[in-house]
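Novice: I have a structure I would like to understand better, so I am pasting it below and will then ask my questions one at a time.
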Amino acid sequence: MNNEKKVILTGMQPTGFLHLGNFLGAANNWNKILDQYTCYFFIPNQHAITIPQVPANLRNATLNCVAQYIACGLDPNRCTIFVQSHIIGHTELTWVLSCLTPLGQLYRMHQFKDKSAKKENIYSGLLYYPVLMAADILLYNADFVPTGEDQRQHVELARDLAEKFNVTYSETFTIPSPLIETSGARIMSLKAPEHKMSKSDSDSNATIYITDEPKIIQKKIASAVTDSGDIIANDPKRPGIANLLNIYCAATGISMEEAEEKFSTYRSYAPFKKELADVLITLLEPVQEKYKSIKDDKEYLQSVIRKGTEMVQPIAYRTLSKVYRKVGFLDK
Ligand code: TYM
């Protein structure tokens, strides 16, 4: 019998504070699986430069992201946390995989279409972003990739590329599967609930950040867009209230049916919104406390990622040398 734990790998871009979508769709579930799997959580800073970044801000945000991971419950003694650019192998494997990736498949990626539609100058890094993500996953032979719904297509590309490499060069990579929660996987904007909640929203009231103070959370939820009705239900024709109800379910762990039943006697949105804000404040309180206690301890944060590098670099080298041998690169 194979007693080895399955491998989990995932990450969040260091492009600012994590928001409620990142938290409910991803981070809040990560700490529940630490002992069940071998867990690798990394900071994809090489992905972050696919859109322009201020170098000093990116450096700060990368270390700050480590603090946010730990604040969200990632215990560095029970999982490995590392920074993508510290490891030799991600970009090297990206190159090999890109030689197996049809351009058409990259042009069809939803996220590429969304992000490139808003830009005049489109750089090839944005197009190759999903190949880098496939390399992140395959380098460590991850079995499962926990993400929100928006990353499903990218994980599917990683599956396709693993299968293609295995067929072309012989069995090498584990075929990864996405791990996507039912509630929380798609948290929408509080101001335009037909769009997903995002860090880059120009309206700061559309997004709740995990570091938002209780008063701010109350204000943002109270001013969240709903409609002129008063029935609290998961009705796709009323995306505002449906989104708030979905947030409630993801934050409390109850099902949509239970939530609809619970609020079926309410005849106004205001008390429901107040209850939701209270739930979020309570949920985020320990995260904020932990974050405050470690965010300035740069030495500690650096030591966590140094340990991470020591742990994963040998794995990355092993995969890379196997891949290089299989594709026909001459040994050193
Ligand atoms: P990123 O940084 O955009 O988002 C981090 C995680 O948060 C989830 N998420 C959401 N979930 C629910 N509702 C939302 N509104 C919402 N917004 C974001 C994302 O699905 C993700 O799980 N490409 C990835 C980072 C990455 C990665 C990887 C992830 C790079 N390589 C390898 C897994 C494995 C990204 O940009 O996530």
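Novice: In the range 73-110, what count of residues is obtained for those that are polar (S, T, N, Q), open to solvent by 30 Å² or more (accessible area, probe 1.4 Å) and closer than 28 Å to residue 166 by Cβ?
Specialist: Filtering the range 73-110 for residues polar (S, T, N, Q) gives 77, 80, 84-85, 91, 94, 98, 101, 105.
Okay, now just the ones that are also open to solvent by 30 Å² or more (accessible area, probe 1.4 Å), so 77, 85, 91, 105.
If we keep only those that are closer than 28 Å to residue 166 by Cβ too, we end up with 85, 91, 105.
Adding up the residues that qualify gives 3.
Novice: Ok, one more. Filter the range 204-218 for residues that are more than 16 Å from the ligand (Cβ to nearest atom) and either loosely packed, with under 15 Cβ neighbours inside 10 Å or of a type in the set (A, V, I, L, M) (or both) and give the result.
Specialist: 213, 215, 216, 217
Novice: Looking at (1) in contact with a strand residue (DSSP E or B) (Cβ under 9 Å, 6 or more places away or on another chain); (2) within 12 Å of the ligand (Cβ to nearest atom); (3) not aliphatic (A, V, I, L, M), which is the one condition that is false for residue 5?
Specialist: Only one criterion in (1) in contact with a strand residue (DSSP E or B) (Cβ under 9 Å, 6 or more places away or on another chain); (2) within 12 Å of the ligand (Cβ to nearest atom); (3) not aliphatic (A, V, I, L, M) is unmet by residue 5, namely (2).
Novice: Among the residues of the range 18-50, which ones are at pLDDT 90 or above and either in a strand (DSSP E or B) or open to solvent by 50 Å² or more (accessible area, probe 1.4 Å) (or both)?
Specialist: Once the filter is applied, which keeps residues that are at pLDDT 90 or above and either in a strand (DSSP E or B) or open to solvent by 50 Å² or more (accessible area, probe 1.4 Å) (or both), the range 18-50 yields 19, 35, 36, 38, 39, 40, 41, 42, 43, 49.
Novice: Filter the range 52-70 for residues that are within 15 Å of the ligand (Cβ to nearest atom) and part of a helix (DSSP H, G or I) and give the result.
Specialist: So in the range 52-70, the residues within 15 Å of the ligand (Cβ to nearest atom) come out as 53, 58, 61-62, 64-66, 68-69.
Residues satisfying the conditions are 58, 61, 62, 64, 65, 66, 68, 69.
Novice: I'd like the residue in the range 158-182 that is assigned to a helix (DSSP H, G or I), free of Cβ contacts under 8 Å to residues at least 60 places away in the same chain and open to solvent by 10 Å² or more (accessible area, probe 1.4 Å) and, out of all such residues, is farthest from the ligand (Cβ to nearest atom).
Specialist: 167
Novice: I would also like to ask the following. What tally of residues in the range 183-198 results from selecting those that are more than 11 Å from the ligand (Cβ to nearest atom) and free of Cβ contacts under 8 Å to residues at least 40 places away in the same chain?
Specialist: Final tally of qualifying residues: 2.
Novice: Step by step: first the residues of the range 109-128, then only those that are modelled with pLDDT under 95 and in a loop (DSSP other than H, G, I, E, B), then the one that is farthest from the ligand (Cβ to nearest atom). Which residue is that?
Specialist: Here the residue is 120.
Novice: Only one of 155, 145, 131 is assigned to a helix (DSSP H, G or I), near the ligand (Cβ under 8 Å from one of its atoms) and either open to solvent by less than 20 Å² (accessible area, probe 1.4 Å) or among the acidic types (Asp, Glu) (or both); which?
Specialist: It is 155.
Novice: While we're here: Which numbered condition trips up residue 201, out of (1) part of a loop (DSSP other than H, G, I, E, B); (2) out of contact with any Ser or Thr (no Cβ under 7 Å at 6 or more places or on another chain); (3) within 12 Å of the ligand (Cβ to nearest atom); (4) not aromatic (Phe, Trp, Tyr)?
Specialist: Here residue 201 meets the rest and fails (2).
Novice: Out of 258, 275, I need the residue that is touching a Cys at 6+ places or on another chain (Cβ under 9 Å) and farther than 25 Å from residue 81 by Cα. Which one? Walk me through it before giving the result.
Specialist: Numbers: 275 fails: touching a Cys at 6+ places or on another chain (Cβ under 9 Å).
Selected residue: 258, the only one of 258, 275 that is touching a Cys at 6+ places or on another chain (Cβ under 9 Å) and farther than 25 Å from residue 81 by Cα.
Novice: Answer with yes or no whether residue 14 is open to solvent by 30 Å² or more (accessible area, probe 1.4 Å) and within 27 Å of residue 208 (Cα to Cα).
Specialist: Details: open to solvent by 30 Å² or more (accessible area, probe 1.4 Å): no; within 27 Å of residue 208 (Cα to Cα): yes.
The answer is no for residue 14.
Novice: Hey, does the range 40-51 have a residue that's more than 12 Å from the ligand (Cβ to nearest atom), more than 21 Å from residue 143 (Cβ to Cβ) and in contact (Cβ under 8 Å) with a residue 60 or more places away in the chain?
Specialist: Here is the first cut: in the range 40-51, the ones more than 12 Å from the ligand (Cβ to nearest atom) are 49.
From what's left, more than 21 Å from residue 143 (Cβ to Cβ): 49.
With in contact (Cβ under 8 Å) with a residue 60 or more places away in the chain added as a condition, the list becomes 49.
Yes.
Novice: Still on this model: Regarding residue 186, is this residue within 21 Å of the chain's Cα centre (by Cα), open to solvent by 10 Å² or more (accessible area, probe 1.4 Å), farther than 29 Å from residue 247 by Cα and charged (D, E, K, R)?
Specialist: On the way: within 21 Å of the chain's Cα centre (by Cα): yes; open to solvent by 10 Å² or more (accessible area, probe 1.4 Å): yes; farther than 29 Å from residue 247 by Cα: no; charged (D, E, K, R): yes.
Here the answer is no, as residue 186 does not meet what is asked.
The values are calculated or read from the model by the stated rules, or taken from the named source; none is laboratory data. Being a predicted model, the structure only gives us computed values, none of them experimental. Glycine also receives a Cβ, built like all others from the backbone with ideal geometry; neighbour counts cover every protein chain displayed. For accessibility, only protein heavy atoms count, side chains too; no ligands or nucleic acids. Shrake-Rupley method; radii C 1.70, N 1.55, O 1.52, S 1.80 Å.
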